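Peer 1: Pasting in a structure now, in structure tokens, and then I'll have a few things to ask.
The values are calculated or read from the model by the stated rules, or taken from the named source; none is laboratory data. Because the structure is predicted, anything quoted here is derived from the model rather than measured. Cβ: placed from backbone, ideal geometry, glycine included. Neighbour counts: every protein chain shown.
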Amino acid sequence: MSKGTVVVAMSGGVDSSVSAALLVEAGYEVRGLMMRLWSEPGQFDTKRDNRCCTRDQMIDAHLVAKKLGIPFEMIDARDTFKQEIVDRFIEGYSQGITPNPCMACNRHIRFTFLLNAALERGADYLATGHYAQVTQDKQGRFELRKGADTSKDQSYVLSVLRQDQLKHAMFPVGGYTKAQVRELADQFGLRVAGKSDSQDLCFLADGDYRRFLRDHAAKIMEPGPIVLSDGTLLGEHEGLPNYTIGQRKGLGVSYEVPLYVLRKDSRQNRLIVGPKSELGCDELVAKEVNWIAGKAPPEPVRAEVKIRYKSRPSAAWVEALQDERVRVRFDDPLPDITPGQGAVIYQDDVVLGSGIIV
């Protein structure tokens with residue numbers, strides 16, 4: 001007898017394909033569902049396609065589903081993806097922040113739009129190829145944990161999920177390493193076993209977000225002054241989105257000591273730079289905080305916090321504030337705290353929650 005019905009978010013990649021195969025092998029009733037996402041003008045133009053749903057990706061997903069003997073369906077998510085991900089990405093840069101569209105995609109697309117589509121089709125679960133794990137604590141609350149492969153762990157971008165979403169979430173490859181997943185793909189006879197990994201920012205067909213912003217939001221790429229903290233003019237920048245907090249190289253100005261990007265002033269279109277002594281901060285505030293357990297801890301807690309997907313967790317005290325905010329005080333200053341990125345809170349391998357750095 002079937003253990004239940006699972007819709008697998010198929011992308012044509014090795015991780016989602018092996019996820020589907022593992023679920024079939026485990027006795028679930030499995031259905032493949034692939035989203036058609038927004039692309040830049042020029043449908044099926046390899047220079048403009050969304051890399052998550054090119055023609056080749058669709059063919060691979062369809063053939064994997066056929067190999068596994070499961071139904072396969074395409075679902076149109078273009079309008080929702082454009083509104084919730086692409087437009088917000090552009091708006092974020094227009095406000096001088098550096099948004100993380102992968103977190104927004106899991107919040108609004110995979111585990112809202114796609115999860116709702118799965119439930120409407122009678123599914124009990126939505127499975128994805130993410131490297132993360134879901135468990136339950138003694139009170140029955142769902143927990144989000146790091147994937148077994150620390151080099152591929154994707155719990156950072158899944159930290160936006162709530163209890164009602166984790167209840168239906170499955171990550172079949174979360175307990176495996178990437179090497180093991182490729183071995184499984186080969187054992188299952190899947191054509192995608194040797195396929196390269198997908199990249200972040202899938203809606204950037206060429207991977208160049210600067211080119212994308214020039215094409216779709218030219219105004220926010222206008223040049224402006226590069227100044228010191230006291231307002232001293234040093235030169236001209238080439239558009240604020242071209243720079244990141246903590247950046248040293250490529251500023252195009254000379255000074256008596258090396259300079260770093262300290263802040264971006266979008267209102268006056270200024271890039272504020274300064275010496276290393278002015279760089280770094282030991283505290284941040286984040287908004288729109290999602291506590292995985294469903295409620296904030298009543299007292300400050302010791303934790304480790306990641307301020308970017310690829311950064312190392314840093315020891316800190318975490319204090320919940322009003323209005324879905326949180327204050328993080330790090331033991332040591334960090335040089336690259338960046339507004340718009342996610343601050344993700346961990347205790348050991350358990351994700352407590354996350355918010356957007358302001």
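Peer 1: Could you tell me whether SER2 is surrounded by fewer than 22 Cβ atoms within 10 Å (Cβ to Cβ) and at pLDDT below 95?
Peer 2: Spelling it out, SER2 is indeed surrounded by fewer than 22 Cβ atoms within 10 Å (Cβ to Cβ) and at pLDDT below 95.
Peer 1: Another question, then. Inspect all residues belonging to region 271-287 and state whether any of them is in the same structural domain as ASP230 (by TED's automatic domain parsing), within 24 Å of ASP208 (Cα to Cα), over 20 Å from the mean Cα position of the chain (by Cα) and not β-branched (Val, Ile, Thr).
Peer 2: Checked region 271-287: at least one residue is in the same structural domain as ASP230 (by TED's automatic domain parsing), within 24 Å of ASP208 (Cα to Cα), over 20 Å from the mean Cα position of the chain (by Cα) and not β-branched (Val, Ile, Thr).
Peer 1: Across region 118-136, what is the number of residues that are of a type outside the set (Ser, Thr, Tyr) and either within 14 Å of ALA148 (Cβ to Cβ) or buried (at least 17 other Cβ atoms within 10 Å of the Cβ) (or both)?
Peer 2: So the answer is 10.
Peer 1: How many of the residues making up region 164-183 are within 14 Å of GLN136 (Cα to Cα), in a helix (DSSP H, G or I) and hydrophobic (A, V, I, L, M, F, W, C)?
Peer 2: Matching residues across region 164-183 total 1.
Peer 1: Mind checking which residues of region 317-358 are on the phi > 0 side of the Ramachandran plot and out of contact with any strand residue (DSSP E or B) (no Cβ under 6 Å at 6 or more places or on another chain)?
Peer 2: Listed by number, the residues that qualify are ASP323, GLY340, ASP348.
Peer 1: Can you tell me how many residues in region 14-41 are touching a residue at least 40 places away in the same chain (Cβ under 8 Å) and in a strand (DSSP E or B)?
Peer 2: The number of residues fulfilling the criteria is 7.
Rundown of residues vs (1) at pLDDT 95 or above; (2) aliphatic (A, V, I, L, M), yes/no style:
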{"position": "VAL64", "(1), (2)": "yes, yes"}
{"position": "LEU68", "(1), (2)": "yes, yes"}
{"position": "GLU84", "(1), (2)": "yes, no"}
{"position": "ASP87", "(1), (2)": "yes, no"}
{"position": "TYR93", "(1), (2)": "no, no"}
{"position": "LEU115", "(1), (2)": "yes, yes"}
{"position": "ALA123", "(1), (2)": "yes, yes"}
{"position": "GLN133", "(1), (2)": "yes, no"}
{"position": "GLU143", "(1), (2)": "yes, no"}
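Peer 1: Sort out for me the strands (runs of 3 or more DSSP E) sitting completely within region 274-358 that have 1 or more residues that are among the charged types (D, E, K, R).
Peer 2: In region 274-358, 281-291, 301-306, 314-321, 325-334 are the strands (runs of 3 or more DSSP E) which contain 1 or more residues that are among the charged types (D, E, K, R).
Peer 1: Restricting to region 180-226, and then to whatever is among the polar types (S, T, N, Q) and in contact (Cβ under 8 Å) with a residue 60 or more places away in the chain, can you tell me which residue is surrounded by the most Cβ atoms within 10 Å (Cβ to Cβ)?
Peer 2: The qualifying residue surrounded by the most Cβ atoms within 10 Å (Cβ to Cβ) is SER198.
Peer 1: Filter region 302-328 down to the residues that are of a type in the set (A, V, I, L, M, F, W, C) and out of contact with any Asp or Glu (no Cβ under 6 Å at 6 or more places or on another chain) and list them by number.
Peer 2: Once the filter is applied, which keeps residues that are of a type in the set (A, V, I, L, M, F, W, C) and out of contact with any Asp or Glu (no Cβ under 6 Å at 6 or more places or on another chain), region 302-328 yields ALA303, VAL305, ILE307, ALA316, TRP317, VAL318, ALA320, LEU321, VAL326, VAL328.
Peer 1: Another question, if that's okay. So for region 247-262 (the condition being assigned to a helix (DSSP H, G or I), out of contact with any Cys (no Cβ under 6 Å at 6 or more places or on another chain) and among the hydroxyl-bearing types (Ser, Thr, Tyr)), does at least one residue qualify?
Peer 2: no
Peer 1: Looking at region 169-218 only, could you name the residues that are under 27 Å from ILE70 (Cβ atoms) and of a type in the set (Ser, Thr, Tyr)?
Peer 2: TYR176, THR177, SER196, SER198, listed by residue number.
Peer 1: OK, next. When region 139-163 is examined, which residues are found to be of a type in the set (S, T, N, Q), closer than 17 Å to CYS105 by Cα and in a loop (DSSP other than H, G, I, E, B)?
Peer 2: GLN154, SER159
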